[in-house]
Amino acid sequence: MNETPGGGPPPRRGAEVFRLDVMLSALPTPNGAVPLALLDDPDRTPAPGSHGREPTGALVAACLRGGLGLATDAPDLQVPLAPEWSASLDRDGAFTVRSPLDPPGRPFCRAEGVGTPPGWAERAAMLGYIMLFAGTVGVAGGLGDFEDRLRGAAAEGMLAAGVVPFRPAS
């Protein structure tokens with residue numbers, strides 16, 4: 001699995017601010033690789049009001065409020081559809097994610113200069129969608145057992161996810 005870490009300005013949802021690492025990769029499936037994007041909060045920013053309760057990350061909480069679901073751990077990661085979200089990649093390598101709660105002109109996140117694995121953009125454009133994951137998985141930690149880390153976060157209920165429409169550069 002190829003990965004390309006990137007970064008961008010911190011998303012802000014109400015009082016929540018978190019730093020993101022962005023990784024574009026592909027998840028192998030029996031029908032071919034599915035492009036994925038991972039929004040990773042390396043600081044494990046807690047959600048406001050989670051004091052003393054089950055820890056919820058600010059990133060996951062913001063994604064859930066915007067309509068992403070939780071990925072569930074199964075033999076294969078189960079990812080819900082999220083047609084109200086969208087992702088795009090422009091010609092300069094800026095990767096943008098939009099949620100239905102975004103004010104005009106202010107996307108959920110925009111990461112500049114994100115490289116893509118070979119064939120990623122073409123496959124995403126052909127399929128018309130990508131899998132979007134958001135949580136704390138450790139993008140900066142390298143490839144390693146990335147799929148195991150995704151499944152572990154899903155098993156703990158700490159991975160927001162959705163199959164979102166993809167719009168290639170125009």
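Readers should treat all values here as calculations from the given coordinates under stated rules, not as data from a laboratory. Small disclaimer: the values here were computed from a predicted structure and weren't measured.
Worth a mention:
- The stretch between residue 106 and residue 169, if pulled fully straight at 0.36 nm per residue, gains 20.9 nm over its current Cα-Cα span.
- In plain terms, the chain from residue 94 to residue 78 could stretch by 3.0 nm, reckoned as 0.36 nm per residue minus the Cα-Cα distance.
- Prolate/oblate/rounded call for the range 57-147, Cα gyration tensor, a/c under 1.5 rounded: rounded
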